[in-house]
Amino acid sequence: MLRASFLYLSHRRGLQRFVTGQRLTASLAYRFVAGDRLEDAVRVVKEVNARGSSASLDHLGENVRKEREARTATEDYLAAFERIAAESLDANVSVKLTQLGLDISPALCAELLGRVLERAAQLENFVRIDMEGSAYTQRTLDMVLEMHQQYPNCGVVLQSYLYRTLGDVARANAAKVRVRLVKGAYDEPETVAYPKKVDVDAKYAQATRELLAGGVYPAIATHDDRLIEATKLMARELGLAADRYEFQLLYGIRRDLQEKLLREGYRVRIYVPYGTEWYPYLMRRLAERPANLLFIVRSVMRERRAA
């Protein structure tokens, strides 16, 4: 029930304006978000790198409605790559196609994504194209596969809760496209996605094996201890060295798990979101694990009492 409620709230633009203006809600968000500015994200990435992990920067925003907004987002991503290069950060960048104008025009989106990929290639960096709701799955995958022919420095995100994902894994593997595998955080109907967690987890494990066996440097993005242990076992069975794949974890969640994986010699990348458009992202994180809300509220209240 709570998961469905948070996912519903993530789409309520009117409520977003109210919620983002509340100090307590902002305190909750900044447990998962580096800050409003690129400068905040750079600071967090430096801390992440100092602990031995790499990072993926995500300038929050999606479903832009005006070309000007899409072009502004593109400049923001280009600025992120310049800072990564200037500061010698161990980081790449994740982008959402609807932030680059996919809802406005596929041609506009392809143009802007091409600009980002071109500059990233010049700087010998990598761009991960995030996956959004199922209405965008086919368009996103098609654009990534097309762009990858010219820009092999791009990869995609696939979601195990969609029925179609094993087929998409096969397509990505055949094209040598790097994949980040996630469970999925959008509100999807039973016609396109598994409604039960047990099925989502089973497909995640199955997709993980396919990626480890036939993919190119897959990113296993989960905080689920059972799936992480299963991934390690699969890699050993396949004779896959620890530097042939990586685990990806979200900023602000399971620091203990991050440190454990690093101690064990695995590669870890932290997904670092930043920007003022954090409301939908926060709602999806709470939907994934509603217990996060109670944890964060308690942390905020402890800090206030200590102040």
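What follows draws every value from the coordinates through simple rules; no lab data is involved. Every value quoted in this text rests on a predicted model; they were computed, and no experiment measured them. Don't worry about glycine lacking a Cβ; one is built from the backbone with ideal geometry, like all the others, and counts go over all protein chains shown.
Summary table below
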quantity: Cβ-based exposure ranking for M131, M143, M234, in which fewest neighbours within 10 Å come first; calculated: M234, M143, M131
quantity: Residues of type lysines that K197 reaches as a straight line, Cα spacing below 24 Å, ignoring anything fewer than 8 places off in the same chain; calculated: K183, K232
quantity: Dipole magnitude (debye, nearest 20) for region 33-277, charges at Cβ of Lys, Arg, Asp, Glu; calculated: 540 debye
quantity: Inter-label distance for R43 and E264, nm, one decimal - labels placed 7 Å from Cα along Cα-to-Cβ; calculated: 3.3 nm
quantity: Additional length obtainable on full extension of the chain from V216 to D243, 0.36 nm per residue less Cα span; calculated: 8.6 nm
quantity: Distant-in-sequence amide H partners of V93 (H built 1.01 Å from N, under 5 Å); calculated: L57, F126, R128
quantity: Phi to ³J(HN,Hα) by Karplus 6.51 cos²θ - 1.76 cosθ + 1.60 over region 187-198, Hz, x for Gly, Pro; calculated: 7, 10, x, 5, 5, 10, 9, 5, x, 9, 4, 4
quantity: Residues whose placed amide H lies under 5 Å from that of R180, excluding near-sequence neighbours; calculated: V156, V157, L158, A219
quantity: Gyration tensor over alpha-carbon atoms, region 33-277, equivalent ellipsoid semi-axes in Å; calculated: 26, 22, 17
quantity: Overall form of region 105-236 per C-alpha gyration tensor (a/c, 1.5; a/b vs b/c); calculated: oblate
quantity: Pairwise label distance in nanometres, R139 with L166, each label 7 Å out on the Cα-Cβ vector; calculated: 2.9 nm
quantity: Residues R31, R255, sorted so that the one with the fewest Cβ neighbours within 10 Å comes first; calculated: R255, R31
quantity: Calculated from backbone phi, Karplus (6.51, -1.76, 1.60) coupling profile of region 232-246 in Hz, x at Gly/Pro; calculated: 4, 5, 4, 4, 5, 4, 8, x, 8, 5, 5, 8, 9, 7, 9
quantity: For T137, net neighbour charge (Lys/Arg +1, Asp/Glu -1) across residues whose Cβ lies under 12 Å away; calculated: -2
quantity: Cα gyration tensor shape for region 157-228, rounded if a/c is under 1.5, else prolate or oblate; calculated: oblate
quantity: Per-residue HN-Hα couplings for region 41-54 [Karplus 6.51, -1.76, 1.60; θ = phi - 60°; Hz; x = Gly/Pro]; calculated: 5, 4, 4, 5, 4, 4, 5, 4, 4, 5, 8, x, 9, 8
quantity: Cross-link partners of K260 among aspartates and glutamates (Cα-Cα below 18 Å; sequence separation of 8 or more within a chain); calculated: E47, D224, D225, E229, D243, E246
quantity: Segment Q122-R65, length gained on full extension (0.36 nm per residue, minus Cα span); calculated: 17.6 nm
quantity: Cβ charges +1 (Lys, Arg) and -1 (Asp, Glu), total dipole of region 72-197, debye; calculated: 520 debye
